[in-house]
Structures are given as C-alpha cells and as structure tokens.
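Presented below is the structure to which this report refers.
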Amino acid sequence: METNQLYLYNSITGKKELFEPINNPYVGMYVCGPTVYGDAHLGHARPAITFDVLFRYLKHVGYKVRYVRNITDVGHLENDADSGEDKIAKKARLEQLEPMEIVQYYTDRYHANMQDLNVLSPSIEPKASGHIIEQIEFIERIIKNGYGYVENGSVYFDVLKYNEKHNYGILSGRNIDELINNTRTLEGQEEKKNSFDFALWKKAQPQHIMRWNSPWSVGFPGWHLECSAMGEKYLGEVFDIHGGGMDLKFPHHECEIAQSVAANNKHAVKHWVHNNLITINGQKMSKSLNNFITLDEVFSGKNALLNQAYSPMTVRFFILQAHYGGTLDFSNEALLAAEKAMARMCKAFDVIDKLVISNTSSIDFNSYKKRCYDALNDDLNTPILLAVLFDVVKSINLIKEGKETIDAVNLSVLKEIVSGFFNEILGLINQSSVSTKSNSIDTLMEVILELRKNAKTNKDYATADYIRNKLSEVNIKINDTKDGANWFIE
C-alpha cells in the first residue's frame, strides 16, 4: 500500500480517526442510495461523488472494498416518518403505473446520470423490496430482545425503553427530553406508546398497494429498517464505514444505530461519514422544498436558474472543490468558475507529452505526489488535492516555457500524478480531447429529434417509432415530455 495513514472524520466521536479496517485488507462500506421516485437532482450528486472518491482511494491504496449502495423502493413515506403515502406508490398512482415500473424507470435514469458523472458502480446495489424476509427476521430479533412492540398489526421501536440502557442520540446529539417536547403526534399514530417511537413494520391500509405478508399483518417495512438488514446481510454484523448525506443523521441513521444495537447488542458501524448538503441561497436543495435542479437540467441548461449547460465533469469538479463535510452553495458563477478552472488544468495536462526532457530536473515531482497523498489522508481533503494539482499545472507551464526543466524520471512521476489522482481517484476526465466529438453528437441528435418531431406533427407515427427503435438499438433512449423530447445514453 502507498499509505495506511488515512484519517476520516467520525460523525459519532466528532473527530478525525485513523482508519483501520476490522478485517484488513478487506473493507465493508455501506452508503444510503436514492429513493427512486423522480429524477436525480444536483443534491444527489454530492454523496454519489463523495463516496465514489472514497471507494476509489481505498482501492488505490490496496484495500479490497465491498461497497454496498442501496436503492429505496418501498417504505419511504411522504413525511419521512410513519404516516402519509409511500412516495413511490404515490408516483405510481399519479402516473397510473405499477410501483416497480416507477422504480425501474428512475433507477435506470439514476444509473445514466451516475455514468455521466463517472461514478463507479457499487459492488452490490440491493433493493429494499428484495429483502423483506431479512427485514422481518431483523424485527423478530428486536421484539425478542424487548425493544419492539406490536399494536394493531404494526410494529414499533420502543425508544424510551432503549434509551434506559443505551444512548438514543449518540449520532445526532438529540436527547429524550428534547424528543418528548418537540415531537408531535401525527394523525393515525395514536397507537404508538410515544410519539417519537418509529415504525419497524406498518400494517397496510386497504388503499396501500405495496404490501407483503408478515407474522404481524399484511404490510410493509419501515424506512429505517432496510439499511440495517441489508448492511448486515452483505457486510456482517459489524462493518467499517456507513455513509450518506448530513440530512440522514436524524432520524434515519440514528434509528439504524438503535435497531442494530437492539437486535445484536453491538454497534454495527465503526466509522459514520456524512457529506454536507448542496444549498441554493443557503437553503437545502430537495424535492420536498421544490427548489432542486435535476442533473439532466444541469447537463442541458434547461432550467430557469441556469444561464447555460454544464458538463458532468464540470459538476464533478465543482463538487470536489469543497470539502465533503462543508456546505456547498449552488450558483451559476460557481459552476462557471469550476468549468474555467478545470479547462485550465486540462490544457496544461494536454502538453505533458510535448515537454522537452532534460538531463536534470529543477522540480521534484515526488514532493507533489506526497502532498497529494497527504491531502487525501487528511479526511479526503479534495480541495487541498486540487490546489496541489494547480501547483503541478504551474510547474508544467514553467517547463513548457523553458523556465524550469524535467528529466525522464520526474516526467514519469508527473504522469503518475495525473493518471493516479486526477483520473483514477478524483474520477475526472480530460474533456478537451472529447469535447469536439461530444459537440458533434449533440448536434446530430438535435437534428434527429427535430426530424422525429416533424414526423409526429405530420402524424407519421411509423417514422417516429422507427427513429426511436433504431436509436434504442444503440442504447440511446428518447424521453418524451410535455416540454419536448430529450435523450440519454443507457
């Protein structure tokens, strides 16, 4: 390994800790993925990219990583608690589709966005609906250990009883008195012992279309349960890293901790890692607040908040310019600055093969390489890493101008820095070499979509369908919307 001195901020202890895998060199990492009932937005890109970089770096230094990122396709209710309609079921009802049609459609679109952003696929991507048996078994253990109770076919977690022996609030800093005073009882939740108890299993009402048999009722699992059950199934009772957005700390991750301790009498996670949020005018970007920008809109520029389209690599660079633990405020100016900064970096990297090799080198590129590792080992500090890479850019330009020299050994190290840190770990792609090709494809697709639009206007549906089908054969999908058609590569 290049290094074993990676320090990660642990959300439970509130400090940076040396990362030491439980079963070195094997690493288990679980990250909460999306609830797939709509297009991925810019806020979804941050955890995906943050943990993609961590995944890449762990592999880079020699660890064997099992990275699990779940898909939530059941149990996530409208208010993120224990009442309201299932988000996916509601979307299915409005669209007059089966819930799993909604899941498949938006999962495919999420994957397409992740591919655009050069986010690596996880080792395993389980769905909540595919692990009902495991979740039922997990609930049974919680009940057996005295922390779950059944009321009218639903099962709830007894937070007050749990807190008698354990700390419910260890992650978020909440305390029981605060919960008692500030948690309101929602409509239909009178069956709970305490308003802050959370559902492990909910009995399905007659109109609820996503339901399974259980020992308690025909119903569905609570949202918090899926990650506890699937994390244990694929990574064991105790694993190394659990990650997700800062907004999941409470109640989702707090409840996960309680569930695992209640079921197994031990904490499941060694390092809790949380990325902070992307904001717009200081406010969290989210679907519930209706202030989000989808990734497709960012890539196409078709949103009133955008002045232009931005490439996926610009978005990735923009996100990596801030430390994952700090907030990141969206603006056109910030994206434009990221676009220009990355272009400057790529322009310098383009001339590396044209540099004149000397007998000696006036620059020690191994010192840059060490600084790159130091930045990543300091809690994955990508902005510092990018600053080091900009110092590398300055040195490249000085060599090009004949003001500094480079020998063959240092040229090899320079190439290692670019391929290892810029490409492999940060996952950035030098777009200067592909931009001409991409622009040509975009122009060609605009012409094709216009021809198809004209065919539909003339009621020549056979031609319109033919165009769609031929594009589908080469994995180009057309999405018809009320505002027109767009396309993406599967």
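By the beta-carbon count within 10 Å of each Cβ, the least crowded to most crowded order of 296, 353, 407, fewest first, is 353, 407, 296. Region 110-128 and region 192-206 have Cα centres spaced 32 Å apart.
Axis angle, to the nearest 10 degrees, between helix 254-264 and the longest C-alpha principal axis of the chain: 60 degrees. Each other residue within a Cβ distance under 12 Å of residue 124 adds +1 if Lys or Arg and -1 if Asp or Glu, for a net charge of +3. Shape class of the chain from the alpha-carbon gyration tensor: oblate, with a/c at 1.5 or above and b/c at least as large as a/b. With neighbour counts taken as other beta-carbon atoms within 10 Å, the residues 208, 271 rank, fewest first, as 208, 271. Basic side chains Lys and Arg get +1 at the Cβ, acidic Asp and Glu get -1 at the Cβ, and with that the dipole of the chain about its Cα centre reaches some 500 debye. Between the listed residues 376, 220, 129, the Cα displaced farthest toward the positive end of the dipole of the chain, a dipole computed from Cβ unit charges relative to the Cα centre, is found at 376. Of interest is the spacing of the C-alpha centroids, which for region 295-312 and region 334-385 amounts to 28 Å. The order of 210, 345, going from fewest to most other C-beta atoms within 10 Å of their C-beta, is 210, 345.
Each of the peptides 160-170, 15-25, 43-53 was scored by the mean count of other Cβ atoms within 10 Å over its residues; in descending order, highest first, they stand as 43-53, 160-170, 15-25. In terms of its alpha-carbon gyration tensor, region 7-275 comes out oblate; a/c meets the 1.5 threshold, while b/c is at least as large as a/b. The length gained on full extension between residue 165 and residue 115, counted as 0.36 nm times the residue separation minus their Cα-Cα distance, comes to 13.5 nm.
We did not get these values from a lab; they are worked out from the coordinates using the rules stated. None of the values given here were measured: they were computed from a predicted structure. Using ideal geometry, Cβ is built from the backbone for each residue, glycine included, and neighbour counts are taken over all protein chains shown.
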